[in-house]
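The values are calculated or read from the model by the stated rules, or taken from the named source; none is laboratory data. Not measured: the values here are computed from a predicted model. Using ideal geometry, Cβ is built from the backbone for each residue, glycine included, and neighbour counts are taken over all protein chains shown.
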Amino acid sequence: MPCLALLVGCAAPPPEPPHPAGPVYVAVAEGVVCNHCVAGIDKTLRLDPAVTKVTIDMDKGSVRVHTRGDRPFDVERLRGALKDAGYGVLSVGLE
């Protein structure tokens, strides 16, 4: 069956304009030792609509959270997500 959009001449909606980049937060945590740890932290932090990217370095125990400039991000959510998952939080701050 042909695509209805092609038959009526509808176009796809325009892409969402890029959002402004916000601050990057860095936490240093103890106990991040495997890919399962990384995946869990990444999944939890990406639930926040202000988060655009999460990068985790297991060797350093660093968790970098890139945020949107047009949405608020509560840095305590980063600290809480790590503590709730059982990791020791040594520091949290801006990059």
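General remarks:
- Restricting the search to helices (runs of 4 or more DSSP H) fully inside the chain and requiring at least 1 residues that are at pLDDT 90 or above, within 17 Å of the chain's Cα centre (by Cα) and crowded, with 17+ Cβ neighbours inside 10 Å gives 35-45, 75-84.
- Search result, residues across region 66-93 that are of a type in the set (A, V, I, L, M, F, W, C) and within 13 Å of residue 29 (Cα to Cα): 78, 81, 82, 85, 89, 90, 92
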